[in-house]
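The block underneath contains the structure these notes are about, expressed in structure tokens.
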Amino acid sequence: MQRFILSKKNQITLIGAILLVIGYIARFALENIAITNGAFFIAGVIGFLPIGIQAYQAIKVRVISIDLLVTIAVIGAFYIGEYEESAVVTFLFLFGAFLEQRTLNKTRLAIKELTEMVPETALKQMDNGDFEEVDIWDVDEGDILLVKTGARIPVDGTILVGQGNVNEASITGESLPVVKEVGKEVYAGTILENGTIQVRADRIGEDTTFGKIIELVEEAQDSKSEAERFIDKFSKWYTPVVLILGIIVFLLTRNLELAITILVLGCPGALVIGVPVSNVAGLGNGAKNGVLLKGSEVIQDFSRVDTVVFDKTGTLTIGNPEVADTAVYDNDNLDNIFAYIASVEKESDHPLAKAVVDYIGESKAYPVTNTKVIKGAGIVADVDGHRVAVGNLALMEAEKVVISDKAYEDLKRFEEKGNSLVITALDGELKMLMGIRDQIRPNVKKDLNKLKKLGVRNLIVLSGDNQGTVDVVAKELGLTKAHGHMLPEDKSEYIKKLQAGGQIVAFVGDGVNDSPSLALAEIGIAMGSGTDVAIETSDVVLMKSDFSHLAHALGLAKATAANMKQNIVIAVGVVLILLASVFFSDWMSMSIGMLVHQGSILAVIFNGMRLIYYKLR
Amino acid sequence: MKKAVIQLGTLTCPMCVQKIDSAVKGLDGVEKESVKVLFNSSKVKLEFDDDKVSTEDIEKAITALGYEVKSARAR
């Protein structure tokens, strides 16, 4: 019976509304007191049922809930014959809850859509070899699953049979599909755009990369800042205190009407819902735009950031160095020299060596002997009877190569342009100079200007590259400071110094080799693919290596933090006004109190909903 | 020890979280430390001893409070 009533709450609300209308028509049009009172009485009683049951169930688990305050107030109203009041109050309370549910669902929609990206079922290979559709909860590690074209892959696994194009945007933010064949890993939540594959489940449920992202987002929604924890504790005591206050007022004044009005006015509504609503709407906007913010504490800190420190390679730059300038000192033998350089550089997996090999392209491959890699300098080897040295200036000095005045000028010119230098000598003679540069990401400058507009005062780049290269990048992008020759530990040391100086620092890196800095900074921001490390150590994850998301993330954090403050002001303001008017005015009644109350709850929800549509201008 | 994820109908008041939390924690066989009621995703996550208590028991405790249970899964 109790459960039946609770499940029909919406219908009860509707009947209450109809009865209220009948009651008012009877009073003003028909002027029939009997019908009026009858309608209000019935409306009050049926509206009271679900509220009373909820209050009773809460007491059973030792919680004093809002329902209890309303229940006592309505019983009191019946006792003094205020049928209209009780009808209006119960209706408003139920209708308010209904509207809150609808609007709250809207604020939560973005994240809900994200969590629903993993399929509920999977095609699992049974003992007889056939594939059958089973619930995702019945899939275990090691099971073999069939994935058809257009379906979402349900687990992290390895392809056993078949191949296809997989769209991994949900994990990496990259919308171009990737070709996957036998032996390749696939991820839960990604879409098989064409082809059919059989996958062995390696990780399932919350252990998958996508599962971790979802868990992070879900918990971020409910993570609480210090202020919120305070409000929570406050509201836990607040309700019983209001109840006691009502009792005291009744004992002192013997005025039941005043006492029950206080019970209704005291309901903690907007105060407890205001901040979580801003939080969830802000996080939802982020999730939709490829920005994962880890909870409301992060939003608070991020909104106050005044210094942003960047890693260079792979963050400000694309991370894919290319040969940009060359100078040749021996034109006769060019083809041979290129072939020698390529043969030697193929021995190395250094990014600069890769850039050189890519630049030279197809060439004759010579056998390479006596290869010696000198760390931080270059590589020396014997090719086709010649001693070939490829590396930086330090290597040339070690090899006693004579550098002409013209070559020195070239070196200087190349370095000023922001190049890393690769010099080649053949049998101790200078042959070629190459300048290698990493391209700056498109539109970075525009996005950095947006950060400045959002109030970031210091933009600093830290890099392991030489100072010349870093300076060029800093100048081109208008950064405030640039430091080269930095190892990962130097970077975290530098951040510590900034923090000691009272700055609130955000560090932006690729999340792979900068985890100490990511962890140390108030806000660690990992760019690019959602790798496990990035997800775990950072506070903000940018799913796509797109710089514009960074400015959006900061703008969103600021907007969300401001929205929370607005909601607190609305909530506290309303309670103060209500309490003041109960003592100092004669128009305040239970119904008006409930109306204002539900109105303020909807006001904070609608205010929070603005964040769903937030866009950085 | 089994892990359960229970999807509820939309939770609208943080107070509901408190109610569900104490109701679920009050069941014998539920690992108290593990109970997490997620307000925004309207989910309950918990670990329990399936010799002492079943997912149906937990479901019942929640519906008795007046909250809808959409799905309850355990593994």
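When the range A:95-122 is examined, which residues are found to be closer than 30 Å to A:Phe40 by Cβ and away from chain B (no Cβ under 11 Å)? Selection gives A:Phe95 alone.
Residues in the range A:337-353 that are in contact (Cβ under 8 Å) with a residue 24 or more places away in the chain and assigned to a helix (DSSP H, G or I): 11 in all. None of A:Lys406, A:Lys431 is under 30 Å from A:Ala381 (Cα atoms), basic (Lys, Arg) and in a strand (DSSP E or B) except A:Lys431.
The set of residues in the range A:460-485 that are over 21 Å from A:Val305 (Cβ atoms) and either hydrophobic (A, V, I, L, M, F, W, C) or at pLDDT 85 or above (or both) comprises A:Val470, A:Asp471, A:Val472, A:Val473, A:Lys475, A:Glu476.
Out of all the residues in the range A:548-563, is one or more in contact with a helix residue (DSSP H, G or I) (Cβ under 7 Å, 6 or more places away or on another chain) and part of a loop (DSSP other than H, G, I, E, B)? Show your work before the answer.
If we filter the range A:548-563 for residues that are in contact with a helix residue (DSSP H, G or I) (Cβ under 7 Å, 6 or more places away or on another chain), which is where we start, we get A:548, A:550-551, A:553-554, A:556-561, A:563.
From what is left, the residues that are part of a loop (DSSP other than H, G, I, E, B) are none.
Scanning the range A:548-563 turns up no residue that is in contact with a helix residue (DSSP H, G or I) (Cβ under 7 Å, 6 or more places away or on another chain) and part of a loop (DSSP other than H, G, I, E, B).
Mind checking whether some residue in the range A:313-335 is touching a His at 6+ places or on another chain (Cβ under 8 Å) and more than 14 Å from chain B (Cβ to nearest Cβ)?
Of the range A:313-335, the ones touching a His at 6+ places or on another chain (Cβ under 8 Å) are none.
So far as the range A:313-335 goes, no, none of its residues is touching a His at 6+ places or on another chain (Cβ under 8 Å) and more than 14 Å from chain B (Cβ to nearest Cβ).
If the condition is being closer than 17 Å to A:Gln101 by Cα and among the aromatic types (Phe, Trp, Tyr), then the range B:28-75 contributes B:Phe39, B:Tyr67. Scan the range A:49-61 for residues that are modelled with pLDDT of 80 or more and either of a type in the set (Phe, Trp, Tyr) or farther than 15 Å from A:Thr90 by Cβ (or both) and the total you get is 5.
Within the range A:519-536, which residues are in a helix (DSSP H, G or I), at pLDDT below 75 and under 16 Å from A:Asp311 (Cα atoms)? I'd like the intermediate steps shown before the answer.
First pass over the range A:519-536, keeping only residues in a helix (DSSP H, G or I): A:519-520, A:532-536.
Among the residues that remain, those that are also at pLDDT below 75 are: A:532-536.
Selection gives A:Ala534 alone.
For the range A:222-254, a residue qualifies if it is of a type in the set (Lys, Arg) and within 12 Å of another protein chain (Cβ to nearest Cβ), and the qualifying residues are A:Lys224, A:Arg229, A:Lys233, A:Lys236.
Out of A:Thr253, A:Thr190, A:Thr196, which single residue is assigned by TED's automatic domain parsing to the domain that holds A:Gly157, among the polar types (S, T, N, Q) and surrounded by fewer than 15 Cβ atoms within 10 Å (Cβ to Cβ)? None of the others qualify; the one that does is A:Thr196.
Restricted to the range A:286-336, and to residues there that are buried (at least 18 other Cβ atoms within 10 Å of the Cβ) and among the basic types (Lys, Arg), the residue that is farthest from A:Glu226 (Cα to Cα) is A:Lys312.
Against the list (1) under 14 Å from A:Val540 (Cα atoms); (2) not in a loop (DSSP other than H, G, I, E, B), the condition A:Val305 fails is (2).
Taking the criterion of being without any contact (Cβ under 8 Å) to a residue 40 or more places away in the chain and basic (Lys, Arg), the only residue of the range A:9-58 that qualifies is A:Arg27. Residues of the range A:123-148 that are among the acidic types (Asp, Glu) and either within 14 Å of chain B (Cβ to nearest Cβ) or part of a strand (DSSP E or B) (or both): A:Glu132, A:Glu133, A:Asp135, A:Asp138, A:Asp140, A:Glu141, A:Asp143.
Checked against (1) closer than 30 Å to A:Lys450 by Cα; (2) at pLDDT 85 or above, A:Leu616 meets all criteria but (2). For the range A:160-243, the strands (runs of 3 or more DSSP E) that sit wholly inside it and include 3 or more residues that are within 17 Å of A:Leu145 (Cβ to Cβ) and either in contact (Cβ under 8 Å) with a residue 60 or more places away in the chain or within 19 Å of the chain's Cα centre (by Cα) (or both) are A:197-203. Checking each residue in the range A:354-403 for being among the basic types (Lys, Arg), exposed (fewer than 12 other Cβ atoms within 10 Å of the Cβ) and either within 50 Å of the chain's Cα centre (by Cα) or part of a strand (DSSP E or B) (or both) picks out A:Lys372, A:Lys375.
Taking the stated definitions as given, is A:Val604 buried (at least 24 other Cβ atoms within 10 Å of the Cβ) and in a strand (DSSP E or B)? Working first, answer last.
On the way: buried (at least 24 other Cβ atoms within 10 Å of the Cβ): yes; in a strand (DSSP E or B): no.
Taking the combined requirement at face value, the residue does not satisfy it.
Considering only the range A:1-94, give the helices (runs of 4 or more DSSP H) lying wholly within it that have at least 1 residues that are at the interface with another protein chain (Cβ under 10 Å from one of its Cβ atoms) and closer than 22 Å to A:Ile244 by Cβ. Spell out how you get there, then give the answer.
Values: elements: A:2-7, A:9-28, A:33-60, A:66-79.
Per the criteria, A:33-60, A:66-79.
Sub-6 Å Cβ pairs linking a first residue in the range A:262-276 that is closer than 10 Å to A:Met564 by Cα and more than 10 Å from chain B (Cβ to nearest Cβ) to a second residue that is outside any loop (DSSP other than H, G, I, E, B) and of a type outside the set (Val, Ile, Thr), at least 6 apart or interchain, are A:Gly274/A:Asn567; A:Gly274/A:Ala571, ordered by first then second residue.
The values are calculated or read from the model by the stated rules, or taken from the named source; none is laboratory data. The structure presented is a predicted model; accordingly, all values stated were derived computationally and were not measured. Positions of Cβ are backbone-derived with ideal geometry, glycine not excepted, and every protein chain shown enters the neighbour counts.
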